[in-house]
Amino acid sequence: MTGGRLLVCGGPERDAARLAAALARPDRSCAVFPPARLLIADPASLPAVVVIPLFDLPGPDPLAGLLAALSWRAVHAVFLADAAFVPAAGVRLLRGLDGPGLAAVLDILAERDAACGRADAHGAWKQAFLTGFTGMVAVCDSGRRLVYGNGPLGLRAGGAPGDRPCYAALHGRDEACPWCPADEVEAGRTVLMEIQSPLDGRYFAMSSAPLRLPGQAPLMLSLFADVTERNMAISRLKTLNRDLERRVAERTDTLTRQAAELAEANGRLLELDALKSGFLATVTHDLRTPLTSVMGFAKLTRREFSKEFMPFSEVSDTLRRKGARIADNLRIIENEGLRLTRLVNDFLDLSKIEAGRLDWNDRSVDPAEVVRMAVEAVGGEYEQNERLALVVDVAEPLPPLQLDPDRLVQVLVNLLTNAARHTHEGEVTLSARSLPGGRVELRVDDTGSGIEEKERERIFDKFYQARNGDTQTGERRGTGLGLAICKHIVERYGGGIRAEARSPRGTSFVVELPIAQGLSPGGPTGTGERPGIEAQPS
């Protein structure tokens, strides 16, 4: 864009400097440039308006050379000349115009330049949109003939689409498309839709809006974006979703059927377990009577044999040896009867616990009293091994527990008996103490050979006995039910039981139980007195 080229001939103002001062504005700089200076001036140094006096110049007319020097310069040039000056082409002649009139002309030119700038900006936006939009652009008149089409539309139409029906250029149709939104667009609405072209079956997202240009009839602007690949991806996704839903439904039906089968199998297992528990309870209960008779008669026979017959064996070494062997055999019968009785009792207790038929006589209990009863119950077994000592450590008043004392005694007796069975020498320590959080800890520590880490959890399973560590080959083995019974009893009262390794050797069985709420330490009587407990001698 160039500025205005104005020639003022015979004007009232001949002083160029005064005229430049009159034309200057805060937003418009103005300066005088003689012709010789203008020809050598740096274009970047030129003001918005240059006043060039042409008075009394020798030689030929310089106007042509000055216009060439100002070519494509965005400045306004005001040439001052005498009334007789003959203007050259490319300059606007203003005869006799004074300073204010000339300023008004410059203002008009400035407004024109601003309008041209806005038009150029709009053209740049249009060009950027048309080149940046990868889809097709179509502008149609009311007769559905193309007024404008961009490059992608020309490629689809196979040539310049101008003055062709839009339905022919876009879709290869001989008549208007039934989905054409021309009527709605003419009513001033913008229409969004998705169409499938009959030309090649491709899908397009179509946006049509009214386009009104000054001095022209209303037009319709339509933008077409190819969404075929997107639709195909959506179609594939829907197919995959349907296939996934079908597979999920099939898998759900399979799982439902398997769950029903498992539930049925579990019901049968529960019935079998109930039958097993009932059978064991019946058998073990019925075994008690003959076992009691066997133990009683064995004990009576051994006592009478030792009292009535052994004195007569002194007459012969042979009789004395045979009598001693008979007495030992009777003692073995009695001991094995006791072991069998314990086995029967364990079976019966476990069956009752699992069947929910065991009696629980819960009351407030002093843990120290339970410890004393457990120590008394196992005292005889520890006295048989002179190399093993039982140490009891209850160093402080303990809060009461709400449970069946006989069951807690059963737990401690099982743990102490187990420790005595698997500790040949050293000591077994039974300790009791309070824990933070309202719990009491009962701990049985032994100095045996220990239990391997992989077996510490399994030893609480029914009938499981550790093969290494505390239970070595050749040692007296239990029923494999004692620790399982202990776990049932402890967990019934909301507690926990676990086995830990000791350093340098041995095992610790730890029982944690919640205390009874609302009762003070010192036992059910609340007196704070504890029964005296002494360490058992080795």
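The values are calculated or read from the model by the stated rules, or taken from the named source; none is laboratory data. Predicted model only: the values in this text are computed from it and were never measured. Glycine gets a Cβ as well: all are built from the backbone with ideal geometry, and neighbour counts include every protein chain shown. Accessible surface is based on the protein model in full, side chains and every heavy atom, while ligands, DNA and RNA are left aside. Shrake-Rupley method; radii C 1.70, N 1.55, O 1.52, S 1.80 Å.
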**Asked** Considering region 173-195 alone, what residues qualify as being surrounded by fewer than 16 Cβ atoms within 10 Å (Cβ to Cβ) and out of contact with any helix residue (DSSP H, G or I) (no Cβ under 9 Å at 6 or more places or on another chain)?
**Response** P178, W179, D183, E184, E186, A187, G188, R189, L192, M193
**Message:** So D98 ticks every box in (1) closer than 30 Å to L57 by Cα; (2) in contact with a strand residue (DSSP E or B) (Cβ under 6 Å, 6 or more places away or on another chain); (3) open to solvent by less than 80 Å² (accessible area, probe 1.4 Å); (4) of a type in the set (D, E, K, R) but one. Which box is left unticked?
**Reply:** (2)
**Message:** Any residue at all in region 417-427 that's outside any helix (DSSP H, G or I) and buried (at least 20 other Cβ atoms within 10 Å of the Cβ)?
**Reply:** yes
**Message:** Filter region 234-253 down to the residues that are over 25 Å from the mean Cα position of the chain (by Cα) and open to solvent by 100 Å² or more (accessible area, probe 1.4 Å) and list them by number.
**Reply:** R236, K238, L240, R242, R246, R247, R251
**Matching residues in region 38-63 - criterion: being surrounded by fewer than 13 Cβ atoms within 10 Å (Cβ to Cβ) and not polar (S, T, N, Q)** = I40, D42, P43, A44, F55, D56, P58, G59, P60
**region 411-440 residues that are over 24 Å from P399 (Cα atoms), paired with ones that are part of a helix (DSSP H, G or I) and open to solvent by 40 Å² or more (accessible area, probe 1.4 Å) (beta carbon under 6 Å, 6 or more apart)** = A420/E381
**Prompt:** If you go through region 125-154, how many residues are farther than 18 Å from A169 by Cβ and open to solvent by less than 10 Å² (accessible area, probe 1.4 Å)?
**Reply:** 0
**Complete:** In region 254-279, residues that are open to solvent by less than 70 Å² (accessible area, probe 1.4 Å) and either over 21 Å from R357 (Cα atoms) or hydrophobic (A, V, I, L, M, F, W, C) (or both) total 6
**Asked** Among the numbered criteria (1) polar (S, T, N, Q); (2) touching a helix residue (DSSP H, G or I) at 6+ places or on another chain (Cβ under 7 Å); (3) surrounded by fewer than 10 Cβ atoms within 10 Å (Cβ to Cβ), which single criterion is violated by S313?
**Response** (3)
**Request:** Would you check which residues across region 1-37 are open to solvent by 40 Å² or more (accessible area, probe 1.4 Å), in a helix (DSSP H, G or I) and under 15 Å from D107 (Cα atoms) and list them?
**Result:** A22
**Message:** Test of understanding: among G518, G526, G532, G494, which residue is in a loop (DSSP other than H, G, I, E, B), at pLDDT 70 or above and either more than 24 Å from S351 (Cβ to Cβ) or within 44 Å of the chain's Cα centre (by Cα) (or both)?
**Reply:** G494
**Request:** For region 445-458, state whether one or more residues are open to solvent by less than 70 Å² (accessible area, probe 1.4 Å), closer than 21 Å to R372 by Cβ, at pLDDT 90 or above and out of contact with any His (no Cβ under 9 Å at 6 or more places or on another chain).
**Result:** yes
**Asked** Which residues, taken from region 196-221, are within 14 Å of D141 (Cβ to Cβ), touching a Leu at 6+ places or on another chain (Cβ under 9 Å) and open to solvent by less than 80 Å² (accessible area, probe 1.4 Å)?
**Response** S208, P210, L211, L213, L219, M220, L221
**Filter result (modelled with pLDDT of 90 or more, part of a helix (DSSP H, G or I) and open to solvent by less than 40 Å² (accessible area, probe 1.4 Å)) within region 364-409** = P367, A368, V370, V371, A374, V375, P405, L408, V409
